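First up is the structure itself, then whatever we jot down about it.
The values are calculated or read from the model by the stated rules, or taken from the named source; none is laboratory data. These numbers were taken from a predicted model, which means no experiment stands behind them. Heads up, the Cβs are rebuilt from the backbone with ideal geometry, glycines too, and the neighbour counts pull from every protein chain shown.
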Amino acid sequence: MRTSRISGFYNLTPEERLRVVKEFAGLTDEEVETLRNGRLAMEIADHMIENVVGLYSLPFAVATNFLINGKDYLVPMVIEEPSVVAAASNAAKMARESGGFEASATESIMISQIQVVRVPNLEEARSRILAEKEKLLALANEMDPLLTRLGGGARDIEVRVVGSEAGPMLVVHLLVDTLDAMGANTVNTMAEGLAPTIERLSGGKVYLRIISNLADRRLARAKARFSKAAIGGEEVVEGVMWAYRFAKNDPYRAATHNKGIMNGIIAVALATGQDTRALEAGAHSYAARSGRYTTLTDYWVDERGDLWGSIELPMAVGVVGGVVRVHPIARVALKILGVERARELAMVMASVGLAQNFAALRALATEGIQAGHMRLHARNIAMSVGASPSEVDEVVERMVRERRINVERAKQILEEMRRGKEG
């Protein structure tokens, strides 16, 4: 049976892990080689962005134990920060004992904004635009007939008045169902096409025609129960709740709280070829939608004393088009995940964000966050000062034992080890 609960996965070698993933996802030998090499062809890179002079690699890992809506997932993650993958896997294991994550996602509605200035009569202009809504939607859909045939397309138009120091402006929102694409190019093209008509109807001047990354009509949600027995007892539950209350009520703490959420989400986004900047912008602006920056997650304790966590945030992701179409590793990552629809990818990413956040709060409430980072951070330092694979473990052990994890101490230990071998 296909399961993401893989005992001892962390202790396997990279090659052994790769064999497990190959079997789990049904990867071909060519796809395995793509992961093993981790390289993007220079000619492909040269067509993705400008002024290409080289390539840049990051570790590609998989998080285990994820059970979401009754389905097992191995979750690809690309990240340089230690502890993130292990923390997500461990939190997913704890949630799994209570049935895993329940997740949902709304339709893939994206917003494109058309800014109109110097409007003679704002209310009259608003009425004219709304009176022509159906014609405007039909015009927008003519610009992407394939999307319309597939069941997506322009769905609605909203008109807002936004004040500024130079006077009010009219802002038209075009709401588009982009289906399984992130949709930036589609909604921007539609907004460009509608601009002349909006100018005529409003009597004003159109300037910006651009997507909004506050995708608050395209939300992903997840929740999970973490039994007090699984996470360490009532004291841990209470500690997590106090950590949550701190973040909920203090924007300085909330910023780091939400950064931890995005550790997981952005790692999956990088692996699967998503627009990480759009996701970050959407998440943090959604956290401030009330006018005060706060948490993207909520926690509560049920009548049994078990801890529940939930998350809700914009999730503008795609499984077609963009980088997904051209980047070979992104395609393999989506195959490992086994997702075919953008909404399913959004649900997985929300679940990973919740897992990551819970793991961080639990660490903070128990041994402290630094303890979890210590050993992996020490490994990075040991390698950075030139320790060979056979030397790394001893350098790490000595630094951790001494609680002196820094570059200077790593250099001293390495020199002492090598002098000892020479003697």
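Of Met94, Met110, Met77, all but one fail to be of a type in the set (A, V, I, L, M), touching a Ser or Thr at 6+ places or on another chain (Cβ under 7 Å) and surrounded by 21 or more Cβ atoms within 10 Å (Cβ to Cβ); the exception is Met110. Filtering segment 216-263 to residues that are aromatic (Phe, Trp, Tyr) and either within 23 Å of the chain's Cα centre (by Cα) or exposed (fewer than 15 other Cβ atoms within 10 Å of the Cβ) (or both) leaves Phe226, Trp242, Tyr244, Tyr252. Out of Ala25, Ala86, Ala95, Ala105, one residue alone is touching a residue at least 40 places away in the same chain (Cβ under 8 Å), under 19 Å from the mean Cα position of the chain (by Cα) and closer than 26 Å to Arg343 by Cβ. It is Ala105.
Quickly run through segment 287-322 and pick out the residues that are assigned to a loop (DSSP other than H, G, I, E, B) and at positive phi. Talk me through it step by step, then tell me what you get.
Narrowing segment 287-322 to residues assigned to a loop (DSSP other than H, G, I, E, B): 288-296, 302-306, 315-321.
Listed by number, the residues that qualify are Gly291, Gly305, Gly321.
Here the condition is being part of a loop (DSSP other than H, G, I, E, B), outside the structural domain of Ile114 (by TED's automatic domain parsing), of a type outside the set (A, V, I, L, M, F, W, C) and at pLDDT 95 or above; of Arg245, Arg217, it holds for Arg217 alone.
Being surrounded by 15 or more Cβ atoms within 10 Å (Cβ to Cβ), over 25 Å from Ala88 (Cα atoms) and of a type outside the set (Val, Ile, Thr): is that true of Leu27 here?
Values: surrounded by 15 or more Cβ atoms within 10 Å (Cβ to Cβ): yes; over 25 Å from Ala88 (Cα atoms): no; of a type outside the set (Val, Ile, Thr): yes.
No.
Pairs are defined by a Cβ separation below 7 Å, a sequence spacing of at least 6 or placement on different chains, a first member in segment 1-20 that is on the phi < 0 side of the Ramachandran plot, and a second member that is among the acidic types (Asp, Glu); the pairs so defined are Arg2/Asp72; Thr3/Asp72; Ser4/Asp72. Arg2 falls short on exactly one of the conditions (1) surrounded by 11 or more Cβ atoms within 10 Å (Cβ to Cβ); (2) in the same structural domain as Ala350 (by TED's automatic domain parsing), and that condition is (2). Helices (runs of 4 or more DSSP H) fully within segment 341-402 that include at least 1 residues being farther than 30 Å from Arg225 by Cβ, among the charged types (D, E, K, R) and over 24 Å from the mean Cα position of the chain (by Cα): 369-384, 389-402. Got a number for residues in segment 30-46 being under 25 Å from the mean Cα position of the chain (by Cα), surrounded by 12 or more Cβ atoms within 10 Å (Cβ to Cβ) and in a helix (DSSP H, G or I)? Going through segment 30-46 one residue at a time, the tally reaches 7. All of Glu402, Glu391, Glu408 fail the test of being within 22 Å of Glu81 (Cα to Cα), of a type in the set (Asp, Glu) and loosely packed, with under 12 Cβ neighbours inside 10 Å, apart from Glu408.
Is it true that some residue in segment 7-18 is in a strand (DSSP E or B) and more than 23 Å from the chain's Cα centre (by Cα)? Looking through segment 7-18, none of the residues is in a strand (DSSP E or B) and more than 23 Å from the chain's Cα centre (by Cα).
Among the residues in segment 308-316, are any more than 14 Å from Met349 (Cβ to Cβ), touching a helix residue (DSSP H, G or I) at 6+ places or on another chain (Cβ under 9 Å) and either at pLDDT 95 or above or aromatic (Phe, Trp, Tyr) (or both)? For segment 308-316, residues more than 14 Å from Met349 (Cβ to Cβ), touching a helix residue (DSSP H, G or I) at 6+ places or on another chain (Cβ under 9 Å) and either at pLDDT 95 or above or aromatic (Phe, Trp, Tyr) (or both): present.
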